[in-house]
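Enquirer: What follows is a structure written as structure tokens; I'll ask about it next.
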Amino acid sequence: MNKPEANRLERLAKLVYTLTLLGMLVYGVTWRALQARQKGMGALQALESAIHLDVYVVMTLAAVALGMFLCLSFLRRFSETPTTSPPVEKGRTRWRRLRVPAIVIAVLYAFESAWRLAKHASTGSWHSEDWLYLAGAALLAVVAIGLWMWEPSPEELHDMGSEHPSRVNDERTQRVQEKASLTTLRLFLLFLMFVGIPYEAIVYGRWPVITMALVVILGIIQQSTRSYWNRRL
Amino acid sequence: MLNRLKVLRSEYGMTQEEVADRVGVSRQTIISIESGRYNPSIILAYKLSCLFSISIEDMFCISEHIESEDNDE
């Protein structure tokens, strides 16, 4: 893929993804607000109710959107046309072997989501969590199409399968990705801890147990991996 | 950390793309090192110093080190 092509693809993917997510969020909040209005709530109360019900969904979708934006921002760098050949052939990823299982997983998830969403939509039992399934399915669909249509350059395949990153995915790009991922996770956790949990606890007088468990689990995973790499490196 | 990469590259008449190809990184990495926004790993610093046939100390130095030398003078 040459650079102008990659730039166009990046812009198009960003636009489609942003519009899809924004559409889903606006539709979700409006739908809930209208439902609340039908039950006789005031406009402000209805909006507040809608935002409260969808707060975790909105937050998760925002995190997904941010992650996708970061991935798309790196697309240009990844698609830079290499001018040198990979240093060694050993360890090169076999693309077809990687592509097939990834596509099978994506298709299975898409079918599972479609079945679940169709069932909920037809019986009128649409849950706020269903938006997450929809976002996940959309993301996997994009990934599956990408895997099917674009084969990475030999250098990228080499990078995937070996511990000798070349100029396509060099040390600076890796550092940038690490920092971006860490920042996304930190923002997500800070939002959960200082906005999501206190909001539910103070305004509604109940503790969101699942969210709190999620924060604890993330903390445990972080500490475990830290001690693991501390021993390894 | 300060470096003399830009000066050395000009002396050798090389482009950023050529340096990037020779040491196996992207041009963006060379741009970032030259502007001082990114400090390379020891492996990349070694490759760069080998490319210009000088020692790592001659190519990279800590900014505090220069300041203390200036104060001594």
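Enquirer: Looking only at segment B:22-42, count every residue that is at negative phi, in contact with a Lys or Arg (Cβ under 7 Å, 6 or more places away or on another chain) and within 11 Å of chain A (Cβ to nearest Cβ) and tell me the total.
Expert: Count: 7.
Enquirer: Further, regarding this structure: Does A:L185 satisfy being more than 14 Å from chain B (Cβ to nearest Cβ), at pLDDT 75 or above and out of contact with any Leu (no Cβ under 8 Å at 6 or more places or on another chain)?
Expert: no
Enquirer: Collect the residues in segment B:48-63 that are in a loop (DSSP other than H, G, I, E, B), without any contact (Cβ under 8 Å) to a residue 12 or more places away in the chain and within 16 Å of B:V19 (Cβ to Cβ), keeping them in residue-number order.
Expert: B:S53
Enquirer: Looking for whichever is modelled with pLDDT of 65 or more and either within 30 Å of B:E18 (Cα to Cα) or crowded, with 17+ Cβ neighbours inside 10 Å (or both) here; the options are A:W115, A:W126, A:W150. Which one fits?
Expert: Result: A:W150 is the single residue among A:W115, A:W126, A:W150 that is modelled with pLDDT of 65 or more and either within 30 Å of B:E18 (Cα to Cα) or crowded, with 17+ Cβ neighbours inside 10 Å (or both).
Enquirer: Output the qualifying pairs, or none if there are none: Cβ atoms under 9 angstrom, residues six or more apart or on different chains, first residue in segment B:22-33 and under 23 Å from B:S53 (Cβ atoms) and in contact (Cβ under 8 Å) with a residue 24 or more places away in the chain, second residue of a type in the set (K, R) and crowded, with 20+ Cβ neighbours inside 10 Å.
Expert: Correct list of pairs: B:V23/A:R167; B:I33/A:R172.
Enquirer: Pairs, please: C-beta under 9 Å, at least 6 apart or cross-chain, first residue in a helix (DSSP H, G or I) and in segment A:186-204, second among the hydroxyl-bearing types (S, T, Y) and surrounded by 14 or more Cβ atoms within 10 Å (Cβ to Cβ)?
Expert: A:F188/A:T60; A:L192/A:Y56; A:L192/A:T211; A:G196/A:Y56; A:G196/A:T211; A:I197/A:T211; A:E200/A:T211
The rows are residues; the columns are (1) under 30 Å from B:E18 (Cα atoms); (2) surrounded by 10 or more Cβ atoms within 10 Å (Cβ to Cβ); (3) β-branched (V, I, T); (4) touching an Asp or Glu at 6+ places or on another chain (Cβ under 8 Å).
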| position | (1), (2), (3), (4) |
| --- | --- |
| A:R175 | yes, yes, no, no |
| A:S181 | no, yes, no, no |
| A:G196 | no, yes, no, no |
| A:I202 | no, no, yes, no |
| A:R206 | no, no, no, yes |
| A:V215 | no, yes, yes, no |
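Enquirer: Any idea which residue in segment B:12-21 is surrounded by the most Cβ atoms within 10 Å (Cβ to Cβ), counting only those that are assigned to a helix (DSSP H, G or I) and either in contact (Cβ under 8 Å) with a residue 60 or more places away in the chain or more than 7 Å from chain A (Cβ to nearest Cβ) (or both)?
Expert: Among residues in segment B:12-21 that are assigned to a helix (DSSP H, G or I) and either in contact (Cβ under 8 Å) with a residue 60 or more places away in the chain or more than 7 Å from chain A (Cβ to nearest Cβ) (or both), the one surrounded by the most Cβ atoms within 10 Å (Cβ to Cβ) is B:V19.
The values are calculated or read from the model by the stated rules, or taken from the named source; none is laboratory data. All figures in this text were calculated on a predicted structure; none of them were measured in a lab. Cβ: placed from backbone, ideal geometry, glycine included. Neighbour counts: every protein chain shown.
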